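Report on the structure given below.
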Amino acid sequence: MKSPWRFFFVVEALLAIFLLWQLSSNPAMLIMLLFGGLNIYFALRKQGQRKFQLILGLVIVIICLVNSPATWLMLVFAVLFLGLKGFELAGISMPNHSLKNKKSIVMVDSTEPSEHNGERKRQSWIGNERIGTQVFEWDDINLSILAGDTLVDLGNTLLPKEDNIVIVRKGFGRTRILVPYGVGLVLEHATLYGKVDFDDEQYALRNESLKIYSEDYDGSQRRLKIITNTLVGDIEVIRV
């Protein structure tokens, strides 16, 4: 069994134990669950038609389960795991328009500035996203993404001689930011769980925030401020 699947089943088992603890601490709910389970058992055991008893037992069991927060945690974790890793690990070919294959590609380059007042841009919340593949004038980047891998490619970009900003807010997934040499960097990162790779240094964060500067920040004419916030995921700042 592949380790991600082992992790999935371990977490689901722990949540199932938490569910049993919640039910055992509520005698009324436990009695209802046992009553519903007995109805299902006798309805399936009888040779005759016992559809009403079966439906009644199923309804009682479902009501008991949906009233427990542990049940919802199990469902949410299963959906997130299958959406991000499950189909890939199982070798299932997903449709071309699935969340896994959804990619948004935009190139970063600098041209003459134009009017931006009232400008609106639609963002992709889920899927792999790459910023850095079409030409448009430089503007500060502000992304909000629910889940997926994100690549911000500034390797071929000549940043203006001023302070530039990249902001990434994300729920789950890895974020990589490619920055050319000669640009002073400052990274402000906050996460619930994840790692930071910055200028050949690695930091492991657990519900922490971190602010670090590159050695050439003070003497650089071109500076880039990177602000990232994630629930779970790694951040890599790579010089190219």
What is the local net charge at ILE40, summed over the other residues whose Cβ is closer than 15 Å to its Cβ (Lys, Arg +1; Asp, Glu -1)?
+4
Could you estimate the translational diffusion coefficient of the stretch 1-41 from the Stokes-Einstein equation, with Rh from the Kirkwood formula over C-alpha pairs, at 25 °C and 0.890 mPa s, in whole µm²/s?
208
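Just the number please: accessible area per residue for the stretch 1-47, 1.4 Å probe, all protein chains included, in Å². Display every interim value, and only then the final one.
Values: 3540 Å² over 47 residues.
Per residue, the stretch 1-47 has 75 Å² of solvent-accessible surface.
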Determine Rg/Rh for the stretch 141-240; Rg is computed over alpha-carbon atoms and Rh is the Kirkwood hydrodynamic estimate from the same atoms.
0.95
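Using the per-residue mean of other Cβ atoms lying within 10 Å as a proxy for protection, in what order, highest first, do the peptides 201-214, 27-40, 172-185 fall? Working shown, then result.
Working: 201-214: 12.5, 27-40: 14.9, 172-185: 18.3.
Descending mean neighbour count gives 172-185, 27-40, 201-214.
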Can you tell me, using C-alpha contacts under 8 Å and at least 6 residues apart, the relative contact order of the stretch 166-207 as a whole percent?
27
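The values are calculated or read from the model by the stated rules, or taken from the named source; none is laboratory data. Keep in mind it's a predicted model, so treat the numbers as computed, not measured. Heads up, the Cβs are rebuilt from the backbone with ideal geometry, glycines too, and the neighbour counts pull from every protein chain shown. When the accessible area is computed, the model is the full protein with side chains, heavy atoms only, and any ligands, DNA or RNA have been set aside. Shrake-Rupley method; radii C 1.70, N 1.55, O 1.52, S 1.80 Å.
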